[in-house]
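**Q** This is the structure I have questions about; it appears just below.
The values are calculated or read from the model by the stated rules, or taken from the named source; none is laboratory data. Just so it is clear, the structure is predicted and the values come from calculations on it, not from any experiment. Cβ placement follows ideal geometry from the backbone for every residue including glycine, while neighbour counts extend to all protein chains displayed.
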Amino acid sequence: TLQELGIVPSFSRPSVSNDNPYSESLFKTLKYRSDYPEKPFAEISTARKWVAGFVDWYNNEHLHSGIKFVTPNQRHSGLDKEILAKRQQVNDAAKLNNPGRWSGKSRDWSMINEVNLNPEKKEEMRAA
């Protein structure tokens, strides 16, 4: 029936949630928003308005753990470099002022080059 309607079926494996981890993560974030609608939208325009608001929040306000708690727009515009450097300075100063507060290393605020939601496991971890 899908083919008759011109719909290309998904090539995801059944019951496997990590075929597209980025979209899975996005949908989880969307569904756990406090303003996620409990009932279907009455009109398509209402749905579009809600999604536009979500996209704006997601890109401009939501701090993403995978990119060191900056927003996607901060990352794409290069503002994250200054933000992360400032966080590192504050963190280092706090550790110098009160070293007893840390039992080990403090958080690493250095830039990351690549983001992986489901990274490959290292060989030594697989053998264990």
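**Q** Determine, yes or no, whether residue 23 is modelled with pLDDT of 95 or more and more than 28 Å from residue 107 (Cβ to Cβ).
**A** When the stated conditions are applied, residue 23 does not pass them.
**Q** Turning to a different aspect of this structure: Could you look through segment 100-128, keep only residues that are part of a helix (DSSP H, G or I) and modelled with pLDDT of 85 or more, and pick out the one that is farthest from residue 72 (Cα to Cα)?
**A** 100
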